[in-house]
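Notes for the one structure printed next.
The values are calculated or read from the model by the stated rules, or taken from the named source; none is laboratory data. No experiment lies behind these values; they were computed from the predicted model shown. All Cβ positions, even for glycine, are placed from backbone atoms using ideal geometry, and neighbour counts span all protein chains on display.
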Amino acid sequence: MFYRLSLFAMTTERLHYLLERYLSRSLNPAEEKEFYLLVDSGLHDDALKTMLGNEWYSLQTDARLSEEKAEQLFQSILQQRPAVQLSLWQRSVALRRFAAAASIISFIVLSVFFFTNNKSEKQSTASAVITSTNNDIPPGQSGAILKMADGSTLVLDSVQDGVLTQQGDAVAIKQGGQLNYAQQANNANGNAYNSVETPRGRQFKLTLEDGTQVWLNASSSIRFPVAFTGTERKVEITGEVYFEVAKNKVKPFIVQTGTTKVEVLGTHFNINAYDDEAAVKTTLVEGSVRISKGNSNGILKPGQQAQASGANTLQIRNDADIEEVLSWKNGRFAFVNADLETIMRQISKWYDVDVQYAGVVPKRTFTADLSRNTNLSELLKVLELNNIHFLVQGRKLTVMP
């Protein structure tokens, strides 16, 4: 028994040594093989969780991943180690262990995305961010601007709950930080249009008169009739919007964004139509939608994504990452092999900052899952762990590779 305990202690000490070497990217081929064999064995999970938890919590950063996201990140680690090849069964077993422990999942994020060469460097870069952000920038929040048919506007962040406006027989009611439209009679004025816009640093949820629920990401808008009285339910959007459409088989729901049109009867889907993105992306969560772009059209199934770009270009992907697409709605930043410019576009919209680059933009990709409910400096700390540096001056954020 004493021999077995001593051997276990020696193995744990060795694992800690190898983990430190892994995080500093200094494992030699023999050590790399030894490290992964210890991890894959499953015999040292408790000790490993303790070690990794200490590393993670020292960053004071929030991360929460599903098993699906864990698999993507775990595969990234496996791909980094040509010296050790696992069978699919072994990888599946290891994945279940990693997904079961939040601290181990955190380690996956850190190892693929964040860790720099050593702990002292990690601490110094984090300090640099704090120094440059004396007036820290908080995360975005719920809020929007309502523009009514007569041209008058209301800032929804500041108005109290209750009836905000009555247009014809349709009323707009703010309740619990959301805006709800209701039709009080069948002769509501369907020609009266309202719009809701979210500036940078805001997102908002509203319910249309037919019961359709709408979530607006930052820098987005929707224009809609206060009541759907015709043969169709048509709205126009910009930016990024998620819909849960109320079912109505005789009155299709149509979303227009530029020259791209999406037609549904009742379904859940997300549209990303930001002007600074290369394509309009429509991602289907459930149900079915028909999408058209010029002379091109197609029907989406759940899990598919249509990408519309150019004059008549429409492509359909079968491997849409639903969790990544909906991360903004669920209070997360989710990046899967995202380049730095993609990440900074999201940061600009959510934190209401103007991003500029000093020098050449680093050609790197990043994978991570982070909370959107954190101050800008905390998010930048994490990025700086990968040797990307920033200067924050008021609402201007400069990327300094």
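Considering Lys349, Lys363, Lys329, Lys381, which residue is touching a residue at least 24 places away in the same chain (Cβ under 8 Å), surrounded by fewer than 16 Cβ atoms within 10 Å (Cβ to Cβ) and not in a strand (DSSP E or B)?
Lys363
For the range 281-299, give me the residue count where each residue is more than 19 Å from Gly211 (Cα to Cα) and at pLDDT below 95.
Number of matching residues: 10.
Kindly evaluate Glu323 against the criterion of being free of Cβ contacts under 8 Å to residues at least 24 places away in the same chain and either out of contact with any strand residue (DSSP E or B) (no Cβ under 7 Å at 6 or more places or on another chain) or not in a strand (DSSP E or B) (or both).
So Glu323 does not fit the description; no.
Among the residues of the range 354-367, is any closer than 23 Å to Gln203 by Cβ, in contact with a strand residue (DSSP E or B) (Cβ under 6 Å, 6 or more places away or on another chain) and of a type outside the set (D, E, K, R)?
Within the range 354-367 (the criterion being closer than 23 Å to Gln203 by Cβ, in contact with a strand residue (DSSP E or B) (Cβ under 6 Å, 6 or more places away or on another chain) and of a type outside the set (D, E, K, R)), the answer is yes, since at least one residue qualifies.
Tell me which residues, restricted to the range 235-264, are more than 20 Å from Lys329 (Cα to Cα) and among the hydroxyl-bearing types (Ser, Thr, Tyr).
Within the range 235-264, Thr259, Thr260 qualify.
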